[in-house]
Amino acid sequence: MTTDTDNKLSEQLFSRRYSTQIERRRTCSVKVGNIYIGSDHPVSVQSMINEDTLDIEASTAAIRRLHEVGCEIVRLTVPSLSHAKAVGEIKKALEASYMPVPLVADVHHNGMKIAMEVAKHVDKVRINPGLFVFSQSDSNRTEFSKEEISSIQNKIIQNFEPIVNSLKEQNKALRIGVNHGSLAERMLFQYGDTPEGMVESAMEFIRICDSLDFHNIVVSMKASRPPVMLAAYRLMADTMDREGYHYPLHLGVTEAGDGDYGRIKSTVGIGTLLSEGIGDTIRVSLTEAPEKEIPVAYSILQTVGLRKTMVEYISCPSCGRTLFNLEEVVAKVREATSHLTGLDIAVMGCIVNGPGEMADADYGYVGKGKGTIALYRRRDEIRKVPEDQGVQALVDLIKQDGKWIEPETKLNNI
């Protein structure tokens, strides 16, 4: 039987997925340091350092490098109690030598004591439900009795409640971070290796938090394959909405790899969900230096229209009508203007499609004939200039409009 709630959710889902304007899924605000995660705030960008957290100097430097290139929330791994205590020293070092940076602690196997200690020093604790109550004897099991499942659930509550209460008292946040590759054996037994199992894994912990009146929660459903990741996040969003939980979602394709392929995987997964209005904070996971993740993240956000942090370049693929080296000119325009923020600049090979295809751009550089360039301000042609003067004339037009800043004086608007 279809209920009014089901109908309302269906209407919201249709609106999110078929509108030309992104309508973000409504989520509550969760504070992480000086950053808020939720639908009332810009989608934030996260990453994770590679350094051993016990190396305080190296970890402090790595966090600073990430923050300086635009990473807004930084995660570090905390596999032991010693690591948890080291985080306190890292936090002090950041505040003394740089500035406070929102920090997240990654806590995995049997991490109650670790989480309790590190919660004193960070702004958010991430736990993995699949590894939270972990025993080597559970590995590769194919059967669980109802009594065993009940016993495990009671153990989870016993270990999880103190962490939740500690975070609640300190007004700090929790990420319930499910990974497709590390579902608990009992979840695999009950649901199989499925998005449904991932969602139920998260919901079990969400319901415990709800029973303790704790709601500073962010949820993630990461998988290494975009189709699994997409299905899990969509189901998670729908399940939470149906049950009245409006927690933000942290998006990511885990273990995406490196190079173009890693970037493409991340863009397919993260960009698709953001376009549907799902997602409040993102992390691009590349097998590269963490600083290289940040430009990819901001490019995804800019492409879907959620944040404007750089120039948007629009250019045609070139064809037989193009009378100049389009690739070369695009490179020159980019070199001259890439330090600017928030502009759309189009470089089009000819007049046939140029003005129409670039109608939404702030400025246009269009081939008008052999050796001649036409400059546009939106739909209006402003002037024609010789091709060898085109880039400088474009810069002059931007200056004339008061939208130019010199490269050395650009502020970090990310």
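Derivation of every value follows stated rules applied to the coordinates shown; laboratory data play no part. As the structure is a prediction and not an experimental result, all values here were calculated from the model. So basically every Cβ, Gly included, is an ideal-geometry build from the backbone, and we count neighbours across all protein chains shown.
Mind checking which lysines have their C-alpha under 23 Å from Lys368, skipping anything on the same chain fewer than 8 residues away?
Partners found: Lys332, Lys384, Lys399.
Would you report the distance distribution of C-alpha pairs in region 307-378 as whole percents per 5 angstrom bin, up to the bin with the largest distance?
Reading upward from the zero bin: 4, 18, 29, 26, 15, 6, 2, 0.
Rounded to the nearest 0.05, what FRET efficiency do Ile314 and Glu23 give with R0 = 25 Å and r taken as the Cβ-Cβ distance? Could you check?
Between Ile314 and Glu23 the formula returns 0.55.
Provide Rg over Rh for region 23-179; use the alpha carbon set for both Rg and the Kirkwood Rh (inverse mean inverse pair distance).
When Rh is taken as the Kirkwood radius, the ratio is 1.01.
Give or take rounding to whole Å, what are the principal axis extents of the alpha carbon atoms in region 154-201, in descending order?
Per principal axis, max minus min of the Cα coordinates gives 37, 21, 13 Å.
Of all DSSP beta bridges located in the chain, what percent are antiparallel, nearest 5?
Of those bridges, close to 30 percent are antiparallel.
Please list the three semi-axes, largest first and in whole Å, of the ellipsoid equivalent to region 264-414, using sqrt of 5 times the eigenvalues of its alpha carbon gyration tensor.
Three semi-axes, in Å: 30, 18, 14.
Which of Lys124/Lys168; Lys113/Lys222; Lys91/Lys172 have a Cα-Cα distance over 19 Å?
Lys113/Lys222
At Gln389 and Lys155, where each label point lies 7 Å from the Cα along Cα→Cβ, what is the point-to-point distance in nanometres?
For Gln389 paired with Lys155, the spin-label model returns 7.9 nm.
Cβ under 12 Å from Gly38's Cβ, Gly38 left aside: what net charge do those residues give with Lys, Arg +1 and Asp, Glu -1?
It works out to a net charge of +2.
Tell me the net charge near Met229. Cut-off is 10 Å between Cβ atoms, Met229 excluded, with +1 for each Lys or Arg and -1 for each Asp or Glu.
Values: positive: Lys222, Arg225, Arg234, Lys265; negative: none.
Net charge in that neighbourhood comes out at +4.
Run through all the Cα pairs of region 367-406 and give the fraction in each 5 Å bin from 0, expressed as whole percent.
Spelled out bin by bin, region 367-406 gives 6, 25, 31, 22, 12, 4, 1 percent.
Over 22 Å apart: what share of the alpha carbon pairs of region 166-252 falls there, rounded to a whole percent?
24 percent
Just the ratio, please: alpha-carbon radius of gyration of the chain over 2.2 N^0.38 Å, N its number of residues.
Numbers: Rg = 24.7 Å, N = 414, 2.2 N^0.38 = 21.7 Å.
Cα Rg divided by the expected 2.2 N^0.38 Å: 1.14.
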